[in-house]
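Novice: Pasting a structure here, questions to come.
The values are calculated or read from the model by the stated rules, or taken from the named source; none is laboratory data. Since we're looking at a predicted model, the values are computed, not measured. Neighbour counts run over all protein chains shown; Cβ positions are idealised from the backbone, glycine included. These area figures cover heavy atoms from the full protein model, side chains too; ligands, DNA and RNA do not enter into them. Shrake-Rupley method; radii C 1.70, N 1.55, O 1.52, S 1.80 Å.
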Amino acid sequence: MILFDNFVQNIDQLVKNPTFVVAYSGGLDSHVLLHLAYRYCQNRVGSRIRAVHINHQLHVDSAKWAEHCISVCSSLKIPCEVIPVDVQKQAGSSLEALAREARYQALGKELGEGEQLLLAQHQNDQAETFVLQLLRGAGVKGLACMPEKKSFRQGQIVRPLLKELQRDLVEYAKQYNLIWVEDPSNQDIMFDRNYTRQKLFPLIEKRWPG
């Protein structure tokens, strides 16, 4: 219940008119976000929620992941739009960055006037972003990392889970028997974020467990 209570408090502080577009990948984090937003809207007159799944078409199972997202949303009676994007690999460019750019472009086109695009980044993601920005030599602006809310196209981006630990999202998912997809690319340490998460942070947490 603590995670949901925190979610409600954060949304009420960040959003005036709850018209949510949940960026739903089908993974654990975005499924928890979808479920929290669904519960929130159940008790808010005038609130609206829909989901958007971006199919990057980079994995053999990407079509199955899209079907999973449609099925989950259907069970909750949440409209779900699947948008395919074409991520062109470029020499010297990060595939991770290219996919992110294509995803945000597609989400931006989908966002209506005054809608809030809910993203599932949490405190662990924020810590990883800080370290990656630091290693890339970012300045003060870059080290400020991800804001909880910012203007985006016709609406705004809202990250209501940014103060939450990922382990609490895992516990929530288990409590509500949520089923999510696992993208095997999340284990590929070729990507900077995965390397930071799997190799660097365990060392940091071992030395400074607090």
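Novice: So how much accessible area does Trp65 have, in Å² to the nearest 10, using a 1.4 Å probe?
Specialist: It works out to around 40 Å².
Novice: Take Lys163, project a point 7 Å from its Cα along the Cβ direction, then tell me which residues of the stretch 99-137 have their backbone nitrogen under 20 Å from it.
Specialist: In the stretch 99-137, the label zone of Lys163 (backbone N under 20 Å from the point 7 Å along Cα→Cβ) covers 117-130.
Novice: Next question, about the same structure. If you count only protein heavy atoms and use a 1.4 Å probe, how large is the accessible surface of Glu148, to the nearest 10 Å²?
Specialist: 50
Novice: Please state the charge dipole magnitude for the chain, taken about the Cα centre, from unit charges on C-beta atoms (+1 on K and R, -1 on D and E), reported in debye and rounded to the nearest 20.
Specialist: About 420 debye.
Novice: Taking the chain as a Gaussian network, Cα atoms linked when under 10 Å apart, which of Ala120, Ala66, Ala106 shows the biggest mean-square fluctuation?
Specialist: Maximum fluctuation in the GNM of the chain, among the listed residues, is at Ala106.
Novice: I've got another one for you. Over the stretch 1-50, what relative contact order in percent results from Cα pairs under 8 Å that are six or more residues apart?
Specialist: That works out to 41 percent.
Novice: Can you tell me, using C-alpha contacts under 8 Å and at least 6 residues apart, the relative contact order of the chain as a whole percent?
Specialist: 24 percent.
Novice: Also, quick follow-up: In the chain, what cysteines have no partner Cβ closer than 4.7 Å?
Specialist: For the chain, the answer is Cys41, Cys69, Cys145, because their Cβ atoms have no other cysteine Cβ under 4.7 Å.
Novice: Once amide H atoms are placed 1.01 Å from N in the peptide plane, what residues at a sequence separation of 5 or more from Ser25, or on another chain, have their amide H within under 5 Å of its amide H?
Specialist: Ser30
Novice: Still on this structure, please answer the following. Whole-Å semi-axes of the chain's equivalent ellipsoid, largest first, each the root of 5 times a Cα gyration tensor eigenvalue?
Specialist: Output for the chain: semi-axes of 26, 21, 18 Å.
Novice: In terms of modelled amide H atoms, which long-range or inter-chain residues lie less than 5 Å from the amide H of Ile83?
Specialist: His53, Ile54, Asn55
Novice: Please tell me the relative contact order of the stretch 115-210 in percent, rounded to the nearest whole number, where contacts are Cα pairs under 8 Å and at least six residues apart.
Specialist: Computed value for the stretch 115-210: 32 percent relative contact order.
Novice: Next up: Rounded to the nearest 500, what is the 222 nm mean residue ellipticity of the chain from helices alone, with -39500 (n - 2.57) per DSSP H run of 4+ residues and division by all residues? Please report the intermediate quantities before stating the final value.
Specialist: Values: 9 runs with 96 residues, N = 210.
Here the helix-only value at 222 nm equals -13500 deg cm²/dmol.
Novice: Between Val87 and Lys141, what FRET efficiency comes out of the Förster formula 1/(1 + (r/R0)^6) with R0 = 25 Å and r the beta carbon distance, rounded to 0.05?
Specialist: 0.40
Novice: Okay, next question. With a Förster radius of 45 Å, plug the Cβ-Cβ distance of Gln154 and Asn177 into 1/(1 + (r/R0)^6) and report the FRET value to the nearest 0.05.
Specialist: Calculated value: 0.80.
Novice: Next question. Name the residue from Ile54, His31, Gln13 whose Cα lies farthest towards the positive end of the charge dipole of the chain, charges +1 on Cβ of Lys and Arg and -1 on Cβ of Asp and Glu.
Specialist: Most positive-ward Cα: Gln13.
Novice: Mind giving me the nanometre distance, one decimal, between the label points for Ser71 and Phe130, set 7 Å out from Cα along Cα→Cβ?
Specialist: For the pair Ser71/Phe130, the computed spacing is 3.9 nm.
Novice: What's the ranking of 170-177, 29-36 by average number of surrounding C-beta atoms within 10 Å, highest first?
Specialist: Ranked from most to least packed, the peptides come out as 29-36, 170-177.
Novice: Using a Gaussian network model of the chain whose springs link C-alpha atoms within less than 10 Å, name the residue from Gln116, Gln154, Gln13 with the highest mean-square fluctuation.
Specialist: Gln13
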